[in-house]
Every structure is written in C-alpha cells, then in structure tokens.
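The values are calculated or read from the model by the stated rules, or taken from the named source; none is laboratory data. No experiment lies behind these values; they were computed from the predicted model shown. Glycine also receives a Cβ, built like all others from the backbone with ideal geometry; neighbour counts cover every protein chain displayed. Protein only, heavy atoms only, side chains kept; ligands, DNA and RNA dropped before computing areas. Shrake-Rupley method; radii C 1.70, N 1.55, O 1.52, S 1.80 Å.
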Amino acid sequence: MKNTVDKIPFLRLTAALSAGIVLGAFLPADAFLIYILLVFTTALLIWLNAHYGYKRAAFFGMGVHLFFIATGSLLYSQYSKKPEFFNNVKFIAVVKEIAQEKTNSYQSILKVHSVIRNDSIISAGENVLVYFEKDNKSKTLLPGQVILFTASPRDLENTGNPFEFNYKGYMERRKIYRQLYLTSDKWVLTDKTAPFDISLFAEQVRMKLLNIYKQQEWNNRQLNVLSALTLGYKRGLSPETKNTFASAGAMHILAVSGLHTGIVFLIVNFLFGFLKKIRFGRVLFILLVILSLWCFAFLTGLSPSVMRAATMFSFVVIGQNLRRPANVYNTLATSAFFLLLLNPNNLFEAGFQLSYSAVFGIVFLQPKFEKLICFRLKVIKYFWSLFTVSAAAQIATFPVALFYFNQFPVYFWLSNLFIIPAVTLLIPLGIILLVFSPIAFVQTLLADVTGLLLNMLIEFLEWIKQLPVSVVNFHLTEVELLFLLSALLSFFFFIGLKKTVYFKTALVLILVLMSTSLIRNTIGLFRNEIIQYNLSDQNVIHLVSGKRNYIISEEILKENDRVHDLIKNTVLGLQLHPPVYLTCSRLFIDPVVYVKDGLILFNGQVVHFYTGNRSEISPFTPDIIIGKATIEKNQ
C-alpha cells in the first residue's frame, strides 16, 4: 500500500490542500493566524531539511502536509471574500453573457468595473446576476456593451423551500453574490468600450459562431443540442430536452467537459500522432495538442468545466510524452492540485468531482473489465470497449451523481453505445461546419448531415426514455453519501491490492449504509408535517402523514409549473408515496384529511386556506391561516 502511494506523491499534496480548503469552508479561521502558522511551518521545514535524517523524516512529511492544509484554508478564505457593497451610487458595468430569454425577463451577468459616487469614480470588480425587463431595448444587448444603471443589487437568497437546490451557494462558488432586476428606465446603454477581457472576447466569438448555427435549417431542438455539444451553450435547452437526456443517462454530453475535451484530444492525437516518430516532433506534438485543447476551450466561452478538462488533458499529454515513466494517477493528481491552487472552489463543483471520478474509473476499472471477455471480431470488440468505458465511468461516478441529481439512469450502458460514437462525429462535424461556413455548398452539405445525425440521436434517446423503469429515483443524505463513497473506495482497494480486508470493510460499510437508510425510513413512518411552499404567485401546501401526502392549492397546478419540481424533491427527500393533488375548494374526505371550501382538518389541526374571498367564514377557530391576502390584511 505504501509503495503504491509513494508512486503518487501529488496525491498526498492534493489531499492535504483539499483538506485545508474544506476546513476553510466549514471552520474558517482568522487569516492572520493562518499566516503565522505558514511562517512557522516554513521555518520548521527549512530547519528539518538542513538537519534531515531518518528519524526526522516523519516530522518533515507532517510539516509538508500541515503547510498545504494551511495553504488551502488561506486560499479559500481569500478567494471567497465577498466584495465591498456600494449603495446609492451609479454603476458602470459590462454585459458578460449572451442574454437568456426567460418568461418575463432576459437574464445575463454584469461585470461591475466601477461606481460613481459624488462625482468620484471608484474601481470595483464584482459580477452581478441581472434580470432585464423584457422589451426591445434589452433584447438587443450584446456581450461587451457597457451600461450605466442606478438600481442597487441585493444579496442572493434561496427561496427556503425544502430539499431545494442551493442556488445561492452555487452562485457564490462562481463569485456572484448579488442580483438585481432592471426596468428599462433604470439603465442606459453607453458608447464606452469595455476593457479587454479574454473571457468576454471568448463570449463574443461564441455569439458569432452561434449565429452561424442559427442560419441553418434546423429545428430549435437540433440547434440547441449542437450548440451545447460544441460551444457549451446550454441556455437554449428546454426542460423537456434536459429531461430526455437525463432519463437516458446522456445528460453528461450536454455539459461540455471531460468527454468532449477527450474527443478533441483523441482526434488531434490521431491526426498528429506521426510527429512523435520524428526528431523534435514530440515537442511539436505536445504544443499542437495543448493549443487544440485550449482553442476548443476558447470556442466554448472559456467555461470553467472545459478549462478544467483542458488543464487535466494538458498535464496528461505532457506526462505521456516526457520520455520517462509517468504515473497516470500522479498526472491526474497534479492537474487537480494545479486547478485547486487557481480556484479552491473547484473542489465543491459537481463537474470537478464527476470529471475526476469518471477519469479515475476509466483508467482503473476499464482495462480490467475489458480483459474479462476477449472478442476476435473488431466490431464486437469496439462495442465491448465502449460498454466497459461507460460501465467504468458510471460505477466511479454514481455515488456523486446520485447525491446531486437524485436519479440513476438504468439504461446508461445502452444509450452510451450510440451516443459516444454519435458525439465523436458531431463535435468535429459542428466545428468543420463553422470553419467552412463561408463556402455555401459545403455548409449546406455539412448542415444536412449534422441535422440528420442530431435527429437520430434525439429520437434514440426519446426511445430510451420510454423504456420501462428508465430512471430510478433515490435521495442520498450527506452521511449516506460518505458511507457509499467509503464502501466504493474500499472495493477499489480490494480490486487493486487483492486483500480481503478491504472487501470485508466494503461489506461492513454497505451494511451500515443500509441500516442508516432503514432507520431514516422507519422514522418517516411517524412523520406528520404541514409544508407551505414559498412561491411568489400562488399558495401551495403539502400535508405529510407517514408515507401518505397531499398537495393542496387554490387552482389545479399547471403541468409545467415549477412547483412540481419542488414537490418532487420533497417526495423524494422524505421518501413518500405519490401525492394526492387537491384544490382547497374541492370536497375531499379520507381517514387522514378533510377538505371543504377552504377548510382543512389534518392531524388534529384546523387550517384555513384563505383565497381572498370575504364570504369565506370558518366555523372553527383556525390553528393555521394560509393565504397572502389574509396576512397582508392582518399586517
């Protein structure tokens, strides 16, 4: 075991740095104390190095780990420091992203680079989430344009609904802490030129490339899927399309990251691999591969996921071509270490965790799976390789994916047999189409082929989605995730080291996981709760009695209403039976709940669901009043 770890020195450094980042996030310490600790540790390491000996080797190792733990904590605290807030000022900001059309607004990101206070200009540097009033003025806004506005941004807040996605935390990881809504009278477009910004320039280039795609005779679904595959532009994807890909186990192809960058890596490796056979060609090969990877990252608007993948593959290609033994695990650990130094928030990104888990699974498990069965026919061998790659990546990532997305696609192995070859064709086709767009007949030919392949891909995934039990929904708590990850890691150790103690450990951890889940289910049998969802446009309550539950609203909920997602999260998180949907005016009686004309009797309590009708008079004194109209009246 020790020999294995010794061959991966950066694994220990990355683990220490990660531990420091976690400590900085959950147990923040004063920066001055961390600086003192770093100075002390550095001095200690210098002294130990000058008087190095066998007896002091362990202390030197502990000192190195302590140094990187402190470094990680300090990095996180400094990187995640919230910008200074300015109030009652004029803001000068640059539009950073292509505006995304919402139901009642256009959403984008503004980079506030300065504020005007009392005729003085103060430098700033904060990104703000903005919603523009939906009109022709905001519709024509482009990345790079500079606007002046007066409305003050407010802090991002979650809505407070149970089991909801932590949107505030997600945005803070992207260093976005505030948001605002701008009506047309609150901002003006200026004629100023934005300062040069490589990410802004990449977004402008991506917008021009998107316009080339929009000129083709594709339907919206084909256009948006290809835009996501090749340019990383996912803002046009409809909820139905996302659901189709997620149910078929193909959601990862819409998030441009490791798979897409890996395909570019393989294509460039195939085209320029001959350079490795000539003198000094290996250096040229490395430069070409790295340049291609980062050009692809540039085309996707320098999205964080693609930059992570490009960094990872850059380290891999350098490690593979140094003409000396290179441990692939050490190369992966080195790239992770480098990425965490640049942005410690990467550690908490689902994409970062899934990318490295998938690559580890493919490197560690796939060769072992592939050797289980040997095929002579190349076609069968090819599809067997695809299956083993998909299975290895899915096994390595399923605990994290299950925790974040609460579902497991049963037919991932079937969908990947088709989508991986399809995406391998679509990415180069989409890029070639952009390159040869000035040549009309070539553009038309490529657009027809690409459109046909896109249509086949979407229809195939629709078919997968319709198969019986295509998705298994499940909710993991943080504790259950920890046990599941520990069990999987023990299983990997058993495969690699062939020691039964790791297999036994995995079995014990699985038993503990099952016991934890059983206890949670048993406690849920005695649950009695009334949940009111925090919605701006309607009143919806959720009555929970054991596994039985009821949704009561003023009117019948629309099919695509976002409250359905909130209800689904609650049902899944509490492991409830499918809910019964009711309206407050409908008569409904069963052993658990009574509903009639806005009066609800549940669990010994009287709930008055007030809809604003003054004729509603309850014969009982209500314990709970639901309804904004009543609240506002009482205030």
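Figure note: ILE278, ILE431 ranked by solvent-accessible area, largest first, 1.4 Å probe, ligands and nucleic acids not counted: ILE278, ILE431. For region 70-218, the alpha carbon positions stretch 54, 45, 33 Å along the principal axes, listed from largest to smallest. Taking every protein chain into account, the 1.4 Å probe leaves HIS51 with about 80 Å² of accessible area, to the nearest ten. If only the Cβ of Lys and Arg carry +1 and only the Cβ of Asp and Glu carry -1, the dipole of region 122-216 around its Cα centre is close to 260 debye.
Calculated FRET efficiency, LYS139 to ALA29, Cβ-Cβ distance, R0 = 41 Å: about 0.30 to the nearest 0.05. For the set TRP463, TRP413, solvent exposure ranked by accessible area (probe 1.4 Å, protein chains only) runs largest to smallest as TRP463, TRP413. Ordering ILE495, ASN136, PRO239 by Cα displacement along the dipole of the chain toward the positive end leaves ILE495 in first place; charges were set at the Cβ atoms of Lys, Arg (+1) and Asp, Glu (-1).
In this simple spin-label approximation, LEU481 and ILE523 carry label points 7 Å from Cα along the Cα→Cβ vector, and these lie 1.8 nm apart. Accessible surface of the chain, 1.4 Å probe: 64 percent of it comes from carbon and sulfur atoms. Taking the Cα centre of each part, how many Å lie between region 141-220 and region 524-574? Each part reduced to its Cα centre gives a spacing of 32 Å. For region 340-385, the gyration tensor built on C-alpha atoms gives a prolate shape. Its axis ratio a/c (a ≥ b ≥ c) is at least 1.5, and a/b is the larger of a/b and b/c.
The charge dipole of the chain, taken about its Cα centre with unit charges on the Cβ atoms of Lys, Arg (+1), Asp and Glu (-1) only, comes to about 2520 debye. If the segment from VAL89 to ARG117 were pulled out straight at 0.36 nm per residue, it would be longer than the present Cα-Cα gap by 9.6 nm.
Between the beta carbons of PHE274 and ALA43, assuming R0 = 51 Å, the FRET efficiency works out to 0.45 to the nearest 0.05.
Loop-located trypsin sites (Lys or Arg not before Pro) across region 35-81 with a Cβ neighbour count of 13 or fewer within 10 Å are LYS81, with loop assigned by DSSP. Between the exposed loop cleavage positions of the chain, defined as GluC sites (Glu not before Pro) in a non-H, G, I, E, B DSSP state with at most 15 neighbouring beta-carbon atoms within 10 angstrom, the longest gap is 218-554.
When the charge dipole of the chain is built from unit charges on Cβ atoms (+1 for Lys and Arg, -1 for Asp and Glu) and taken about the Cα centre, the candidate among PRO578, VAL595, VAL205 whose Cα reaches farthest toward its positive end is VAL205. The charge dipole of region 34-114, taken about its Cα centre with unit charges on the Cβ of Lys, Arg, Asp and Glu (plus for the first two, minus for the last two), comes to roughly 100 debye.
With unit charges on the beta carbons (Lys and Arg positive, Asp and Glu negative) and the dipole taken about the Cα centre of region 496-555, which residue among LEU509, ILE531, ILE552 sits farthest to the positive side? It is LEU509, whose Cα lies furthest towards the positive end.
Could you pull out which residues in region 55-89 have an amide N less than 19 Å from a spot 7 Å beyond the Cα of ILE36, following the Cα-Cβ vector? Flagged as within label range: 66-75, 77-78. In this structure, the pairs whose alpha-carbon distance is over 32 Å, taken from LYS381/LYS498; LYS90/LYS214; LYS192/LYS214; LYS371/LYS499; LYS277/LYS378; LYS234/LYS368, are LYS90/LYS214; LYS234/LYS368. Taking ILE98, ILE464 and ordering them by how much accessible surface each has at a 1.4 Å probe, largest first, produces ILE98, ILE464. For a modelled paramagnetic label at CYS374, 7 Å from Cα along Cα-to-Cβ, the residues of region 384-399 in reach, with backbone nitrogen under 17 Å, are 384-385. Restricting region 523-584 to trypsin sites (Lys or Arg not before Pro) that sit in a DSSP loop and have at most 16 other Cβ atoms within 10 Å of their own Cβ leaves ARG527, LYS547, LYS558, ARG562. Per residue, the chain exposes 54 Å² of solvent-accessible protein surface, assessed with a 1.4 angstrom probe and all protein chains in place. Placing dummy labels 7 Å off each Cα toward the beta-carbon, the span from LEU452 to LYS192 is 5.3 nm. Cβ under 14 Å from ALA336's Cβ, ALA336 left aside: what net charge do those residues give with Lys, Arg +1 and Asp, Glu -1? With Lys, Arg at +1 and Asp, Glu at -1, the neighbours total +1. Kirkwood's formula applied to the C-alpha pairs of the chain gives a hydrodynamic radius of 28.4 angstrom. One decimal place: the segment LEU497-VAL64 gains 153.2 nm when fully extended, by the rule 0.36 nm per residue minus the C-alpha distance.
Stretching the chain fully between ILE624 and ARG174 yields a gain of 158.0 nm (0.36 nm per residue, less the alpha carbon separation). Every helix of 4 or more DSSP H residues in the chain counts as -39500 (n - 2.57), and over all residues that averages to -18000 deg cm²/dmol at 222 nm.
Here each label is just a point 7 Å from Cα along the line to Cβ, and for TRP413 and VAL363 those points are 2.5 nm apart. Shown here are the Rg and Dmax of the Cα trace of region 549-611, at 12.2, 33 Å. Give the residue list of trypsin sites (Lys or Arg not before Pro) in region 194-303 that are DSSP loop and have at most 10 other beta-carbon atoms within 10 angstrom. Those that pass, being in a loop and sparsely packed, are ARG279. Under 11 Å from the Cβ of LEU210, count the other residues' Cβ atoms, weight Lys and Arg +1, Asp and Glu -1, and hand me the total. Once all neighbours under 11 Å are counted, the net charge is +3.
Pair-distance distribution of region 139-265: all C-alpha pairs, bin width 10 Å, starting at 0; shares per bin in whole percent are 10, 25, 38, 23, 4.
At an R0 of 51 angstrom, the distance between the Cβ atoms of GLN532 and VAL512 translates into a FRET efficiency of 0.90.
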